[in-house]
Amino acid sequence: MLKAVLFDLDGVITDTAKFHFLAWRDLGAELGITVDEAFNEELKGVSRMDSLERILAFGGLADKYSTAEKEAFCTKKNDHYLELIQEMTPADILPGILPLLEELREVGLKAIVTSASKNAPGILELLQVKDYFDGIVDPASVAAGKPAPDIFLAGAALAGVQPAECIGVEDAASGVEAIKAAGITAVAIGDAEVLAQADRVLADTSALSLAVLRDAWEK
Ligand code: B16
Ligand code: MG
């Protein structure tokens with residue numbers, strides 16, 4: 001039986017990608033690296049430090065900075081990102097998400113947040129949806145980030161159910177890979193070619209419903 005839904009945050013519950021992009025673009029500019037929107041796609045679902053490493057490698061500066069310097073860059077990017085997201089409100093919840101959370105609550109299915117973002121609790125507060133969730137996996141508590149299965153296995157454990165009793169909802173290819181590696185049914189939001197590994201791909205979140213999730217899980 002389907003017992004829990006594991007939600008990615010950025011790109012599924014809300015669209016923070018534009019704010020991550022602006023913050024990385026400005027940091028990149030300071031370092032002499034052009035981060036454009038196409039490159040930003042490769043940072044979706046990727047942790048903060050791993051995103052910085054990818055940007056530095058992209059700019060040919062992979063070995064230039066010490067760990068302490070890289071940590072300072074991450075802090076700077078995050079401070080800017082936090083400033084940018086303060087304008088978020090419940091109006092920024094993506095279509096279909098709130099009705100789905102209501103449905104899950106009505107039938108008693110668990111809802112867990114499995115986001116790579118350390119800012120997930122604060123963002124859920126801004127969106128005023130924190131109470132709909134039974135738990136938030138702390139990405140700092142798992143050994144390896146997406147595409148490793150760790151965060152989704154931790155999500156199932158937090159829900160107190162088996163991976164096979166869950167569905168994971170993701171917008172990033174790395175996230176879909178992580179869900180499948182955890183032995184969980186994957187529902188993806190976005191481009192069917194990019195997300196081909198998923199069990200079901202929906203063009204956007206407005207198509208999400210408990211009926212659609214159950215159908216994907218049963219097949
Ligand atoms: P933070 P998700 C991911 O969230 C974002 O897609 C990715 O762009 C970001 O770098 C990562 O969170 C870390 O975020 O800097 O806030 O800890 O898609 O896994 O919900
Ligand atoms: Mg995402």
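Identify all residues within the stretch 75-126 that are assigned to a loop (DSSP other than H, G, I, E, B), among the hydrophobic types (A, V, I, L, M, F, W, C) and closer than 27 Å to Leu213 by Cα; write none if there are none. Once the filter is applied, which keeps residues that are assigned to a loop (DSSP other than H, G, I, E, B), among the hydrophobic types (A, V, I, L, M, F, W, C) and closer than 27 Å to Leu213 by Cα, the stretch 75-126 yields Leu94, Leu109, Ala116. Filtering Glu42, Glu30 for residues that are open to solvent by 10 Å² or more (accessible area, probe 1.4 Å) and either near ligand 1 (Cβ under 10 Å from one of its atoms) or within 21 Å of Met88 (Cβ to Cβ) (or both) leaves a single hit, Glu42. Considering the stretch 160-175, the residues that are within 11 Å of ligand 1 (Cβ to nearest atom) and assigned to a loop (DSSP other than H, G, I, E, B) include one that is surrounded by the most Cβ atoms within 10 Å (Cβ to Cβ), namely Ala172. Look at (1) more than 29 Å from Gln128 (Cβ to Cβ); (2) more than 9 Å from ligand 1 (Cβ to nearest atom); (3) surrounded by fewer than 18 Cβ atoms within 10 Å (Cβ to Cβ) and you find that Lys3 fails only one, number (1). Kindly indicate whether Val187 is of a type outside the set (Asp, Glu) and over 18 Å from Thr16 (Cα atoms). Spelling it out, Val187 is indeed of a type outside the set (Asp, Glu) and over 18 Å from Thr16 (Cα atoms). Given the condition surrounded by 20 or more Cβ atoms within 10 Å (Cβ to Cβ) and closer than 25 Å to Asp204 by Cα, answer yes or no: does some residue in the stretch 54-67 qualify? Among the residues of the stretch 54-67, not one is surrounded by 20 or more Cβ atoms within 10 Å (Cβ to Cβ) and closer than 25 Å to Asp204 by Cα, which makes the answer no.
I need the full set of residues from the stretch 76-99 which are within 16 Å of ligand 2 (Cβ to nearest atom) and closer than 11 Å to Tyr132 by Cβ, in order please. Matches in the stretch 76-99: Ile93, Ile97. For the stretch 41-52, the criterion of being without any contact (Cβ under 8 Å) to a residue 40 or more places away in the chain, within 16 Å of ligand 2 (Cβ to nearest atom) and either touching a His at 6+ places or on another chain (Cβ under 7 Å) or not in a helix (DSSP H, G or I) (or both) is met by at least one residue.
I'd like to check something: does the stretch 4-11 contain any residue that is more than 16 Å from ligand 2 (Cβ to nearest atom), modelled with pLDDT of 95 or more and in contact with a helix residue (DSSP H, G or I) (Cβ under 9 Å, 6 or more places away or on another chain)? Yes, some residue in the stretch 4-11 is more than 16 Å from ligand 2 (Cβ to nearest atom), modelled with pLDDT of 95 or more and in contact with a helix residue (DSSP H, G or I) (Cβ under 9 Å, 6 or more places away or on another chain). Among the residues of the stretch 134-157, those that are touching a residue at least 40 places away in the same chain (Cβ under 8 Å) and open to solvent by less than 40 Å² (accessible area, probe 1.4 Å) comprise Pro139, Lys146, Phe152, Ala154, Gly155, Ala156. In this structure, does Ala182 turn out to be more than 15 Å from ligand 2 (Cβ to nearest atom) and open to solvent by less than 20 Å² (accessible area, probe 1.4 Å)? In short, yes. Checking the stated criteria, Asp26 turns out to be part of a helix (DSSP H, G or I) and either away from ligand 2 (no atom under 16 Å from the Cβ) or among the acidic types (Asp, Glu) (or both). The residues in the stretch 198-219 that are surrounded by 16 or more Cβ atoms within 10 Å (Cβ to Cβ) and not β-branched (Val, Ile, Thr) can be counted, and the count is 9. Within the stretch 88-116, residues that are open to solvent by 60 Å² or more (accessible area, probe 1.4 Å) reach partners that are polar (S, T, N, Q) and within 16 Å of ligand 2 (Cβ to nearest atom) with beta carbons closer than 9 Å, at six or more positions or on different chains, in the pairs Pro95/Thr205.
The values are calculated or read from the model by the stated rules, or taken from the named source; none is laboratory data. The model shown is predicted, which means the values in this text are computed figures rather than measured ones. Here Cβ is always computed from backbone atoms with ideal geometry, including for glycine, and neighbour counts include all displayed protein chains. Ligands, DNA and RNA are excluded from the accessible area calculation, which covers all protein heavy atoms including side chains. Shrake-Rupley method; radii C 1.70, N 1.55, O 1.52, S 1.80 Å.
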